[in-house]
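Enquirer: The structure's right below; bear with me while I get my questions together.
The values are calculated or read from the model by the stated rules, or taken from the named source; none is laboratory data. Since this is a predicted model, take the numbers as computed values, not measurements. Note: areas computed on protein heavy atoms with side chains; ligands, DNA, RNA excluded. Shrake-Rupley method; radii C 1.70, N 1.55, O 1.52, S 1.80 Å.
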Amino acid sequence: MTSDVLSQVDAFVTPGTLLRKARLNADFTQREVEDRLNLMPGYVELLERDDYQSLRSPAFARGYVRAYAQLMKLEEAAVLAAFDEQRETWEQQKQRVETQSLQLQSTGVGVIVGLVTLLLLFFALWWWSGRDQGGVEAASLYYSEVTVAGIDIPAGEP
């Protein structure tokens, strides 16, 4: 293999794959590693999957990776460098997600403004139609009684 191919292969190596390979070579189970490092059950599996967000305290993930690498007698600097590169990628993805949520918030404000505008239009039309009905009622009262030669004749009677 050439050095370019090796550097490309190294770019895809994650701390989890390094730790898993070392554990399998040392013939340890995940439970044995958890017992030796005093980790919660399932933490070794999460570390080997590089799923640091699922840990109870993802802020301590670098320390867990360092302790795991020491137990497996791996070169700490290489494992932590891979961890740091992956963390940078994770933080960039997190920033992208945060900016998308801000866009959703501004859209929500637009929806609220639109609903308020529709409500105002609805109430304006309701008021306007009520005003017109009031005029019709007054006109119908005016024409409901007719006086002919001094005799009051209610509307609707012959």
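Enquirer: Using a 1.4 angstrom probe and counting only protein chains, how large is the accessible area of Thr29 in Å², to 10?
Expert: Surface open to solvent at Thr29 totals about 70 Å².
Enquirer: Right, something else. Output ³J(HN,Hα) for the range 22-36: one whole-Hz value per residue in order, computed from phi by the Karplus curve 6.51 cos²θ - 1.76 cosθ + 1.60 with θ = phi - 60°, and x for Gly and Pro.
Expert: Along the range 22-36, the couplings run 5, 5, 5, 5, 7, 6, 9, 8, 5, 5, 5, 5, 4, 5, 5 Hz.
Enquirer: I need the P(r) histogram for the range 36-77: all alpha carbon pairs, bin width 10 Å from 0 out to the longest distance, whole percents.
Expert: It works out to 29, 61, 10, in whole percents.
Enquirer: Here's another thing I want to ask about it. Keeping all protein chains in the complex and leaving out DNA, RNA and ligands, what accessible area do you get for Glu91 with a 1.4 Å probe, in Å² to the nearest 10?
Expert: Counting only protein heavy atoms, the figure is 90 Å².
Enquirer: At 1.4 Å probe size, with no ligands or nucleic acids counted, give the accessible surface of Arg87 in Å², nearest ten.
Expert: Approximately 90 Å² of Arg87 is accessible to the 1.4 Å probe.
Enquirer: Sticking with this structure for a sec: Provide Tyr68, Tyr52 ordered by accessible surface of protein heavy atoms (probe 1.4 Å), highest first.
Expert: Listed by decreasing accessible area, they come as Tyr52, Tyr68.
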